[in-house]
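Below is one structure, written out as structure tokens; comments come after it.
The values are calculated or read from the model by the stated rules, or taken from the named source; none is laboratory data. All figures in this text were calculated on a predicted structure; none of them were measured in a lab. Reconstructed Cβ throughout: ideal geometry from the backbone, glycine too, with neighbour counts over all protein chains shown. Only protein heavy atoms, including side chains, enter the accessible area calculation; ligands, DNA and RNA are left aside. Shrake-Rupley method; radii C 1.70, N 1.55, O 1.52, S 1.80 Å.
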Amino acid sequence: MAPTRWGIVSAGRISNEFKIALDTLPQEEHQVVAVAARNLVSAQEFAKTHDIPRAYGSYAELAAQDDIDVVYIGAIHTQHAPVTTMMLQAGKPVLCEKPMSVNSREARQMLTLAKEKNVFFMEAIWSRFFPVYLKAREIIDSGEIGEVKLVTACFGFPKADEPRMKERSQAGGSLLDLGLYPVQFACMVFKGEEPEDITVSGHLTEEGVDETVSIILKYSGNRMATLVCCMSSLLANEAYVYGTNGTVKIPSFWSPQELVAPDGSTLKFPLPPPGKPLNYFNSTGMRFEAMEVRRCIQEGLIESPLVTHANSLQIAGILDQARKEVGVVFDQDKE
């Protein structure tokens with residue numbers, strides 16, 4: 001079977017991680033044939049570092065190539081919608097870094113275009129594809145912990161000084177970068193059910209973006225999720241699923257290598273080591289979303305059942321409401 005030929009958009013840190021993750025997979029299944037950046041020198045340096053045959057100084061040049069099966073978009077948040085639109089218009093399947101958009105209006109437009117073009121699109125919520133998540137869903141669905149009554153998850157790192165985090169013009173703040181992780185986890189556990197009520201509290205930085213936010217999702221049947229994100233402090237970064245008969249705990253839940261089962265035993269799912277230095281924690285785990293993209297494209301799907309278009313829209317909607325409640329408005333919200 002022919003390899004999946006990837007094009008990478010942006011030569012930044014997250015694209016570096018994605019390429020290193022792809023390198024842990026068989027070369028006969030995944031190959032990167034081109035990289036594009038807004039600066040040709042950056043693209044050329046990235047290509048040299050990662051042994052990629054071609055480098056382009058514009059995203060449009062990459063979109064025009066016929067030998068690319070799927071595009072990975074690792075650009076900054078504000079570029080996700082316009083670059084995804086460009087690639088979908090060119091008929092290219094897309095794996096777009098999360099958050100897929102700055103708001104749900106952009107998300108709807110992107111997903112509508114993917115459906116119109118009948119082209120695969122997936123938001124790169126990489127956590128969903130880790131073996132730990134598959135095991136957690138298996139335990140929950142088996143009924144071993146009884147009825148799920150409460151989900152808790154927190155995610156925070158001291159990142160407030162990073163330009164992309166603190167600047168409103170770059171759609172900064174904790175919600176889009178960090179808050180997406182607890183929100184997607186709760187949405188997964190509750191199987192995409194719409195919450196009956198959403199309660200949000202938080203505070204802003206001097207630059208006008210959200211620094212710390214808490215979200216309570218209230219579901220039917222006295223079920224609830226309590227979620228926290230923070231970009232000024234290191235949090236526990238754990239997720240818990242509490243049922244009437246037991247609990248599942250996931251340490252480092254955004255990129256987990258282990259799960260604490262209801263009987264207290266720890267199940268381990270180690271990741272392959274990276275072939276080059278990484279910028280972030282456990283980044284070789286991006287291999288699992290790449291494997292899913294290949295599977296979906298081979299089967300002719302335009303979305304993955306693990307991160308459906310409806311899933312992405314629901315997450316974007318919750319993040320929109322949370323930002324509105326704490327008073328964060330981006331330029332994209334005014335269009």
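What to note about this one:
- Put simply, when 95-104, 8-17, 23-32, 232-241 are sorted by average Cβ atoms within 10 angstrom per residue, most first, you get 95-104, 8-17, 232-241, 23-32.
- Reported label for calculated mean projected area of the Cα convex hull in nm² given [x] 17.5; [y] 16.3; [z] 24.0: [y]
- Cα-centred dipole magnitude for region 32-107, charges only on beta-carbon of K, R (+1) and D, E (-1), debye, nearest 20: 220 debye
- Using the average count of surrounding beta-carbon atoms within 10 Å as a protection proxy, the listed peptides 255-265, 82-92 rank, highest first, as 82-92, 255-265.
- Residue-wise HN-Hα couplings along region 153-165, as the Karplus relation 6.51 cos²θ - 1.76 cosθ + 1.60 with θ = phi - 60° gives them from phi, are 7, 9, 8, x, 9, x, 10, 5, 8, 6, x, 5, 8 Hz; Gly and Pro carry x.
- Of all accessible heavy-atom area on region 104-215, the percent that carbon and sulfur account for (1.4 Å): 48 percent
- Residues whose amide H comes within less than 5 Å of that of residue 102, counting only those at least five positions distant or on another chain, are 81 (H built at 1.01 Å from N in the peptide plane).
- Shown in residue order for region 297-309 are the 3J(HN,Hα) couplings computed by the Karplus curve 6.51 cos²θ - 1.76 cosθ + 1.60 at θ = phi - 60°: 5, 4, 8, x, 7, 10, 8, 8, x, 8, 9, 6, 4 Hz (x for Gly and Pro).
- At most 10 other Cβ within 10 Å, DSSP loop - GluC sites (Glu not before Pro), region 270-300: 299
- Under the Karplus curve 6.51 cos²θ - 1.76 cosθ + 1.60, θ = phi - 60°, whole-Hz ³J(HN,Hα) for region 242-252, x wherever Gly or Pro sits: 9, x, 5, 10, x, 9, 10, 10, 10, x, 6
- Taking every protein chain into account, the accessible area of the chain amounts to 41 square angstrom per residue (probe 1.4 Å).
- Net charge of Cβ neighbours under 11 Å - reference residue 47; Lys, Arg +1; Asp, Glu -1: +1
- Grouping the Cα pair distances of region 65-173 into 10 Å bins from zero gives a pair-distance distribution of 12, 32, 28, 23, 4, 0 percent in increasing distance order.
- Across region 201-335, the mean sequence separation of Cα contacts (distance under 8 Å, 6 or more residues apart), normalised by length, yields a relative contact order of 17 percent.
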